[in-house]
Amino acid sequence: MLSSSSSVIPSNSYILGDAGYPCQNWLLTPYRDNGRLTQIQTYYNTKHSQTRISVEQAFGKLKSRFRCLITNPIATSLETAILIVTTFCILHNICEEREEDMLDDDEYFDDQNNFHTLSNNNNASEVTNTIRDNLANYLWNKKILRDNRRSRYNIISDSEDEIDIEVSE
């Protein structure tokens, strides 16, 4: 799928991949930690990881409930694969509503079993690196604005149930 993915991923859309994959025009990966990452790059990597973990956990639940996703890879068109995964999500939600038991097997939640490292591609697309840099800067600027707003209004607690705010002069 790696070589042909650029033809099936909609333009201005990206897949988040782990550091084992090269950055491509359709695949955004974290910055490689060479010990000299900037704060912006480190923050981007954190957000990238948090997003990937959520997706991996969701797919881990589907794989745990529907073992055929592990033993029988989906070898079909992208459109059909989307329908299959969507159907499994709907069935999973029905099982959750009915409090059906999940299969207990933690090995399917380990993302190390689901990703294969590719060799480092030093010819990563400059365009993709620029897009990743722009996204990293956007996320960082958004964080700074949020931090400044918290500082200005002296937000003490930010739980979902209540927010305590003291206005500074």
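Descriptive notes on the structure:
- Residue within the stretch 42-57 that is surrounded by fewer than 17 Cβ atoms within 10 Å (Cβ to Cβ), more than 30 Å from GLU99 (Cα to Cα) and either over 18 Å from the mean Cα position of the chain (by Cα) or at pLDDT below 90 (or both) present: no
- Hey, LEU135 modelled with pLDDT of 75 or more, under 23 Å from GLN41 (Cα atoms), surrounded by fewer than 11 Cβ atoms within 10 Å (Cβ to Cβ) and among the aliphatic types (A, V, I, L, M) or not: no
- Candidate set: the stretch 60-85, residues that are of a type in the set (Ser, Thr, Tyr) and either farther than 17 Å from ILE9 by Cα or touching a residue at least 12 places away in the same chain (Cβ under 8 Å) (or both); chosen: the one surrounded by the fewest Cβ atoms within 10 Å (Cβ to Cβ): THR71
- Within the stretch 15-32, the residues that satisfy the criterion of being touching a Leu at 6+ places or on another chain (Cβ under 8 Å) and surrounded by fewer than 18 Cβ atoms within 10 Å (Cβ to Cβ) are ILE15, LEU16, GLY20.
- Given (1) at pLDDT 90 or above; (2) closer than 17 Å to LYS61 by Cβ; (3) in contact with a Phe, Trp or Tyr (Cβ under 8 Å, 6 or more places away or on another chain), index of the condition ASN93 fails: (3)
The values are calculated or read from the model by the stated rules, or taken from the named source; none is laboratory data. Note that this is a predicted model, so its numbers are computed, not measured. When we count neighbours, we look across all protein chains shown, and the Cβ atoms used for this are built from the backbone with ideal geometry, even at glycine.
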